[in-house]
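*Asks:* Right, I'll just put the structure down here and ask away after.
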Amino acid sequence: MEFTVAIFLVAFILLVALAFYYEHPKAEIPREVDQRIKLYFIHYVVNFVFGLARIFEKLRICKEVYFIRTFLYGIPPWKNANLFVEDLKFAKVSVRVYHPKASSAGQRRGVLYLHGGIGQFGSIGMYERVCRFIARGSDSVVVCVGYRLAPEHPYPTQFWDCLTAAVHFMRTAEDYGVDPTRIIICGDSSGGTLAAAVCQALVNRTDLPKARAQILLYPFLQAVDFNLPSYQQNGSVPLLLKKRTLTLGMQYLNKDLSLMKGILEGSHVHEDLKLKFSKWLSPDNIPMEFKIRGYKPPASASYSEELHTLAKLVFETTFSPLLAEDAIVHHLPETFILTCEYDVVRDDGLLYKKRLEDNGIPVTWYHVEDGFHGVLLLIDSGYISFPCGKRAMDNVVNFIKGL
């Protein structure tokens, strides 16, 4: 018996060691981050899971992406007596609808929630707590979209599924007790990418009611410049590390990871495009207060025609909504943007905020000064929840209630 236990312990230790060997990016968490010791712990758990997933794939036990999805699904929360929840199909797209049980004097607001996960991870179940929080707090009908994931369903399937669900919801809103003129498109991280892209796609749809607002929660919005101040300052801050961002992005687009170095340097952007995008992406558009922690303008990268051709998908507005023309941006709905100080994509949100304001779009901005990427996903999760995430979600709910 003791020998068996010893063998098990040795095997477990070896497995842990191998997992960290395959996935051990260094984390540097500033002291100002909310509950940084807890974040360190979560970071190492995530690294262990990513490393273990890689081992399992090498051993042909299961695909890396499937193992990570299983882990991220987490433990579902207890049922909530204040909400009625049902799983439906919106034109063949899976959705989960959260209805407040309390009676309402009139039609409610509707929130279409597009989850994050860089097109490969995330699920309706993973975002159960987030959607329940919004539905309860804002007394709105929340629809979480279970769009199909890559690599089984290649990009841009995710965008088309989300657009399909949005169109269906707008056309049938009254069937769910929702005012069709008060539908809000919301998403976090890459779900924020999808939310921004869906709102842009709806601009010229005269057959549908206009979206009442868009809510973009620490969104990824461009793949042109990975050397903005936030990328330089927060490249090693969990949960979204700089190299992991690009690695997962390349996997999402089904591109070879050997492209990463050139894209990080900016060699995929032609000089004509740099000139065009500079008015939208220039670091000069970022307030000086966000450069105090350090920013060094990068050296100009030599252009590679081959790399540009291989990486041309990153310039599509379904992947980089920040690159949309002013003719589209000018007609977008009222917007709420949430950014976190210790997040590599912080400056994407800041740059889009400026673009929207320059085009006359009302913007409500909430900046989480001690926050990090992914903090909202941990809402109502007991010990692993963060106070700054609760504050941020309270601001989201208050914005929705004001619509």
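*Asks:* Scan the stretch 352-393 for residues that are surrounded by 14 or more Cβ atoms within 10 Å (Cβ to Cβ), more than 19 Å from V33 (Cβ to Cβ) and modelled with pLDDT of 95 or more and jot them down.
*Replies:* Passing the criteria: Y352, K353, K354, R355, L356, D358, N359, I361, V363, T364, W365.
*Asks:* Every residue in the stretch 105-132 that is among the aromatic types (F, W, Y) and surrounded by 24 or more Cβ atoms within 10 Å (Cβ to Cβ), please.
*Replies:* Taking the stretch 105-132 first, the residues among the aromatic types (F, W, Y) are 113, 121, 127.
Correct list: Y113, Y127.
*Asks:* May I ask you to list the residues in the stretch 277-304 that are part of a helix (DSSP H, G or I) and closer than 13 Å to E341 by Cβ?
*Replies:* E289, F290
*Asks:* Tell me the residue from E271, E265, E305, E341 that is open to solvent by 10 Å² or more (accessible area, probe 1.4 Å) and touching an Asp or Glu at 6+ places or on another chain (Cβ under 6 Å), please.
*Replies:* E341
*Asks:* Next question, about the same structure. In the set G191, G177, which member is in contact with a strand residue (DSSP E or B) (Cβ under 9 Å, 6 or more places away or on another chain) and closer than 22 Å to Y252 by Cβ? Give the derivation first.
*Replies:* Details: G177 fails: closer than 22 Å to Y252 by Cβ.
Checking each option against the conditions leaves just G191.
*Asks:* Can you tell me which residues in the stretch 311-338 are open to solvent by less than 10 Å² (accessible area, probe 1.4 Å) and β-branched (V, I, T)?
*Replies:* V314, V329, T335, I337
*Asks:* Of everything in the stretch 199-211, what is under 19 Å from D179 (Cβ atoms) and aliphatic (A, V, I, L, M)? Give them in sequence order.
*Replies:* Those that are under 19 Å from D179 (Cβ atoms) and aliphatic (A, V, I, L, M): L202, L208, A211.
*Asks:* Continuing with the same structure: What number of residues within the stretch 232-250 are β-branched (V, I, T) and open to solvent by 20 Å² or more (accessible area, probe 1.4 Å)?
*Replies:* Taking the stretch 232-250 and keeping what is β-branched (V, I, T), we get 237, 245, 247.
Next cut, open to solvent by 20 Å² or more (accessible area, probe 1.4 Å) only: 247.
Of the residues in the stretch 232-250, 1 are β-branched (V, I, T) and open to solvent by 20 Å² or more (accessible area, probe 1.4 Å).
*Asks:* For the stretch 279-302, give me the residue count where each residue is open to solvent by 70 Å² or more (accessible area, probe 1.4 Å) and not aliphatic (A, V, I, L, M). Please lay out each step first, then the result.
*Replies:* Within the stretch 279-302, the subset open to solvent by 70 Å² or more (accessible area, probe 1.4 Å) is 279, 284, 288-289, 292-293, 296-297, 299-300, 302.
Checking the rest, the ones that are also not aliphatic (A, V, I, L, M) come to 279, 284, 289, 293, 296-297, 300, 302.
Counting residues in the stretch 279-302 that are open to solvent by 70 Å² or more (accessible area, probe 1.4 Å) and not aliphatic (A, V, I, L, M) gives 8.
*Asks:* So which residues in the stretch 336-385 are on the phi > 0 side of the Ramachandran plot, in contact (Cβ under 8 Å) with a residue 24 or more places away in the chain and not acidic (D, E), if there are any at all? Outline the logic, then answer.
*Replies:* Initial filter on the stretch 336-385 (on the phi > 0 side of the Ramachandran plot): 360, 374, 380, 382.
Adding the requirement that they be in contact (Cβ under 8 Å) with a residue 24 or more places away in the chain leaves 360, 374, 380.
Of everything in the stretch 336-385, those that are on the phi > 0 side of the Ramachandran plot, in contact (Cβ under 8 Å) with a residue 24 or more places away in the chain and not acidic (D, E) turn out to be G360, G374.
Okay, residues lined up against (1) open to solvent by 10 Å² or more (accessible area, probe 1.4 Å); (2) assigned to a helix (DSSP H, G or I); (3) farther than 18 Å from L322 by Cα:
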| site | (1), (2), (3) |
| --- | --- |
| W160 | yes, yes, yes |
| T164 | yes, yes, yes |
| V167 | yes, yes, yes |
| R171 | yes, yes, yes |
| E174 | yes, yes, yes |
| T181 | yes, no, yes |
| I185 | no, no, no |
| G191 | no, yes, no |
| A195 | no, yes, no |
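*Asks:* Within the stretch 380-395, can you find the residues that are assigned to a helix (DSSP H, G or I) and hydroxyl-bearing (S, T, Y)?
*Replies:* Taking the stretch 380-395 and keeping what is assigned to a helix (DSSP H, G or I), we get 382-384, 387-395.
Y383 - this is the single residue of the stretch 380-395 that is assigned to a helix (DSSP H, G or I) and hydroxyl-bearing (S, T, Y).
*Asks:* Look through the stretch 216-227, keep the residues that are closer than 15 Å to D343 by Cβ and out of contact with any Pro (no Cβ under 6 Å at 6 or more places or on another chain), and return whichever of them is most open to solvent (accessible area, probe 1.4 Å). Talk me through it step by step, then tell me what you get.
*Replies:* Narrowing the stretch 216-227 to residues closer than 15 Å to D343 by Cβ: 216-222, 226.
Narrowing further to those that are out of contact with any Pro (no Cβ under 6 Å at 6 or more places or on another chain): 216-220, 222, 226.
Numbers: L216: 0, L217: 1, Y218: 3, P219: 1, F220: 28, Q222: 0, F226: 5 Å².
Top of the filtered list is F220.
*Asks:* While we're here: Across the stretch 70-104, what is the total count of residues that are open to solvent by 50 Å² or more (accessible area, probe 1.4 Å), among the basic types (K, R) and closer than 23 Å to L376 by Cα?
*Replies:* 1
The values are calculated or read from the model by the stated rules, or taken from the named source; none is laboratory data. Remember, predicted model here, so these are calculated numbers, not experimental data. Here the Cβ is made from the backbone with ideal geometry for all residues, glycine too, and neighbour counts use every protein chain on show. All accessible areas refer to the heavy atoms of the entire protein, side chains included, with ligands and DNA or RNA removed. Shrake-Rupley method; radii C 1.70, N 1.55, O 1.52, S 1.80 Å.
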